Every structure is written in C-alpha cells, then in structure tokens.
Amino acid sequence: MHTAWENAPWEEAGWERLGDGVARRRMPGWDETIGVIAGATGVLIVDTGATLRDGADLRRAIRGVLGREVTHVALTHPHFDHVLGTAAFAGVEVFGAAGLAELLDRERDALRHDAMRHGVDRDAAAEATDLLVRPHHHVHGELSVNLGGRSVLLANVGPGHTAHDLAVLVPGRGGEPEIVFCGDLVEESGEPQAGRDALPQQWPGALDRLLALGGEDAVYVPGHGAAVNARFVRDQRDALAARFGVSRA
C-alpha cells in the first residue's frame, strides 16, 4: 500500500518523478538539478537554486505537492546555482561535504561575483551571499539521514568537480532502482565544467567512487541535464581522464 508522499503528483507541479517519493526539477537559466526525497516524517531537498527567490519558490512548490515543509538540505558542491537559495529554508538542517562551511566563509565575495558574472542580478546576488547558510552537518565519508520509513545516504565522493563534492544515494523501493544525485560530478547537457576550483586529476577517481556507490543498475541524476545510466558515467569518467591526461592503469 502506497502512502500519500509516495504517490505525490509531481508531474502536475512541473517536476520529474524518479521513483516513489523522489523527484527532481531542472531549473530555468542554468539547468541545475534540484532533487526532492520524501519520507513519512522528513523531506530532503538536494541543492537550492541560484537565488533566494529560487529557494522560496522551491519551498512553496514542495509544500504544495507534499503538504509539508522541507526538513533537510543537502548541498552537492559550492557553486552559486546550487547553494544561494539555501537561506529561504529557515530552520532546516543543512548538510555538506566536510570543509564546505569554511570554504563558503572564505569565498563569499567570489561566490557573489561568480553569480553576477553568470547573469544573476547584483542585488539578488548580494542578498543571497549576505544570508549565505553554512552547513550544520559535515559529511566525512558517508552519513545516513532518516526521513521516516526511508533513509538516504550522503556520501563525500570528491574531490573532483570541486574540493567538496557530495552525492546523495536513494535506495530503491518496490523493485525500483537506486537513484544517485551526482551534483556536477556528472553533466549530461554539456561537457563537464572544470573551473578554477576543479581538481581534474582526481575527478575520474571521484566517478569511480560514485559508480561504486550506486552500482550498475542505478539511475544517475546529473547536476545539469537528463538522468543517465552507469555506462554514461563510465564514458564521462574515461573522457575526463583522457581530457586531463589521467592514467587509468
């Protein structure tokens, strides 16, 4: 017997259903993935958008589908389009890879400038970075989060795309495959972006850990683009290794 949160009408609200109580939205503008995992007592959102307005819109949208509030936030990495909406989720437990909180403190101005460089309004970027929320929980290795009737696994699988890459594993239910929210370790809608904070020599190893986490049959949800399978992740790992001259011997 399915509960209300398992049968939530995600598609009617503009979300893509991935499994029982699991959905994602591809945001306009930068096509970043926002994930939602619902349990009987808790709701976890994966990333929060590029502005406080994005975060507030997401919070209202999730409340509209589930009839209750987000209780947990997992931040996959410290880029503006994934973290600047977090302050809209007041009173929520925030999780990030170990070291993310300190980096956000150090890089607040750089984050604001990066958002503006990519087209975020100056005032919106300033407001979001002024209210930037540091993670309350620092993930070393793996951490299980109980949402009531289901648990999700947060895994510090980096470094790679950044020094602080977090993946979210949702175990399968009722014969459905496991789902892995990858952050920008995996991108489908374009070539993976290696900015100044990337660690390209270590990126293929991070994808090895991601594949070990999800396994061969999982659905892998990139930070940008359509959901993919393990073969796509392996091919992208090998392409990154070739691109950056990383030996796979």
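There is no residue in the stretch 122-139 that is of a type in the set (A, V, I, L, M, F, W, C), open to solvent by 40 Å² or more (accessible area, probe 1.4 Å) and under 24 Å from GLY195 (Cα atoms).
Specify the residue that is most open to solvent (accessible area, probe 1.4 Å); the eligible residues are those in the stretch 18-31 that are under 18 Å from ARG60 (Cα atoms) and of a type in the set (D, E, K, R). It comes out as ARG26. ARG117: over 19 Å from MET27 (Cβ atoms), surrounded by fewer than 24 Cβ atoms within 10 Å (Cβ to Cβ) and either at pLDDT 95 or above or out of contact with any His (no Cβ under 7 Å at 6 or more places or on another chain) (or both), yes or no? Against the criterion (over 19 Å from MET27 (Cβ atoms), surrounded by fewer than 24 Cβ atoms within 10 Å (Cβ to Cβ) and either at pLDDT 95 or above or out of contact with any His (no Cβ under 7 Å at 6 or more places or on another chain) (or both)), ARG117 does not qualify. Within the stretch 229-249, the set of residues being of a type in the set (Asp, Glu) and open to solvent by 80 Å² or more (accessible area, probe 1.4 Å) comprises ASP235 only.
Annotation note: Cβ proximity below 7 Å between a residue of the stretch 101-127 that is in contact (Cβ under 8 Å) with a residue 40 or more places away in the chain and a residue that is open to solvent by 80 Å² or more (accessible area, probe 1.4 Å) (sequence gap 6+ or interchain) occurs for ALA124/ARG53.
The values are calculated or read from the model by the stated rules, or taken from the named source; none is laboratory data. The structure displayed is predicted, hence computed values, not measured ones. Every residue, glycine as well, gets a Cβ built from its backbone with ideal geometry; the counts of neighbours run over all protein chains shown. What goes into the accessible areas is simple: the full protein's heavy atoms, side chains included, and nothing from ligands, DNA or RNA. Shrake-Rupley method; radii C 1.70, N 1.55, O 1.52, S 1.80 Å.
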